[in-house]
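The values are calculated or read from the model by the stated rules, or taken from the named source; none is laboratory data. This is a predicted model, so every value here is computed, not measured. When we count neighbours, we look across all protein chains shown, and the Cβ atoms used for this are built from the backbone with ideal geometry, even at glycine. Note: areas computed on protein heavy atoms with side chains; ligands, DNA, RNA excluded. Shrake-Rupley method; radii C 1.70, N 1.55, O 1.52, S 1.80 Å.
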Amino acid sequence: MMALCPLLGSCAGEKTTPVAESPARVVGRTLTLNDGSIQFDWSGVYLEIRFEGSYLALELSDTKRNYFNLWVDGQEQPKFTSEGDHTLVELFNDPTNRGKHLVRIQKATEAEQGRCTLHTLTTDGRLLPTEGLKLPRHIEFYGDSLTCGYGTESLQGSDPFLPETENCRYTYAALTATHFGADYSLISHSGRGLVRNYGDSLQLSDPTLTMSARAFRLFDEDPASAWDFAQSPYRPDALVITLGTNDFSTLPNPTEEQFAEGYRALIEQLRSAWGEELPVLCVTHSPIAAKIVREMVKTIPHTAMADISWGVYNRTTDLGASEHPNRYGHEKMARIVIEEFQKLTGWE
């Protein structure tokens, strides 16, 4: 069903449309270029395409090498990669099945693996409207490697990190959003903390390098890029913050006051950007962070905590690369996050 071919090859197709000029639905932080392409680097960005025909191809480029999830008519397909300039990926090719189809792709890997540009869509039929695919709610998640999906496709904690085993679709975040029938966006970067990044020799990291700064970017890997919250094509109905593991993972730790002050500031800034009354769920994977956050949320309206810091998953079948929880560990984490999120929001 899927194949890669260079643009100079013989891929079928009758009509080619720039992605931004097509009716395809894009969810996440992206930039529209002058030629109608869209560009992004955050993990989890997804594109939904409805078309009538027997062939659909996507032209894309990548600064490095990323992995994409693919679903066709609700059925999961093998992942595909994006690498190099102007490659054509056949998302659907079945001459015997010329009908209406729904294709969804999603960036599975995080920004360190490269920035993607989706150029054009080519079909032998016609692209169809996607307005009806928009879900009634949207959750934005802010986090680190847990939210990126580091090691979710790995099956043992001794495995090294590999881009091919990182997949955000198996995370507690994606599972939570799916449970509540919500669209979602993931603003996350492995190894980054709220006020201190993993392995930093200082008690507080350079504030421009933490997730507290990256949370406001259009491109994760571009400090000069600012996300335009006022012009955002989506507005979240709730926020989830999963930070603190890296802050306290190695010495020297930030003080409780430094961490709490940084956390309060991030919540205030996000609410200032998205909406003052937005509910915020603070998910803690670090026992030290949990102790601080548990007291902090008591003093901030419309916030709550989900504690996944102890005894949630086992260290055998639930671990993936570098002792991160794999997809089975994330399923267990998601149960707690979903329960606390429902209590906070009242969502069914």
Problem - Selection from the stretch 160-180 of residues that are touching a strand residue (DSSP E or B) at 6+ places or on another chain (Cβ under 9 Å), over 21 Å from Thr81 (Cα atoms) and either open to solvent by 30 Å² or more (accessible area, probe 1.4 Å) or among the hydrophobic types (A, V, I, L, M, F, W, C) (or both) - result: Ala173, Ala177, Thr178, Phe180
Practice task
Select from the stretch 229-261 the residues that are more than 18 Å from the chain's Cα centre (by Cα) and open to solvent by 80 Å² or more (accessible area, probe 1.4 Å) and write down the one among them that is nearest to Gly199 (Cα to Cα).
Solution key: Leu251
Exercise for the section: Quick one: which residue in Leu146, Leu194, Leu102, Leu186 is crowded, with 20+ Cβ neighbours inside 10 Å, at pLDDT 95 or above and either in a strand (DSSP E or B) or of a type in the set (Phe, Trp, Tyr) (or both)? Expected result: Leu186
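Just to be sure I understand, how many residues within the stretch 330-348 are more than 20 Å from the chain's Cα centre (by Cα) and either open to solvent by less than 10 Å² (accessible area, probe 1.4 Å) or closer than 14 Å to Thr242 by Cα (or both)?
1
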Exercise for the section: Spot the failing condition for Gln156; the list is (1) under 22 Å from Leu31 (Cβ atoms); (2) open to solvent by 60 Å² or more (accessible area, probe 1.4 Å); (3) not hydrophobic (A, V, I, L, M, F, W, C), and only one is missed. Expected result: (1)
Handout entry: Which listed residue is of a type in the set (Lys, Arg), out of contact with any strand residue (DSSP E or B) (no Cβ under 8 Å at 6 or more places or on another chain) and crowded, with 16+ Cβ neighbours inside 10 Å, from Arg327, Arg271, Arg264, Arg315
Key = Arg327
Problem - Residues located in the stretch 274-285, provided they are open to solvent by 10 Å² or more (accessible area, probe 1.4 Å) and of a type outside the set (Asp, Glu) - result: Trp274, Gly275, Leu278, Pro279, His285
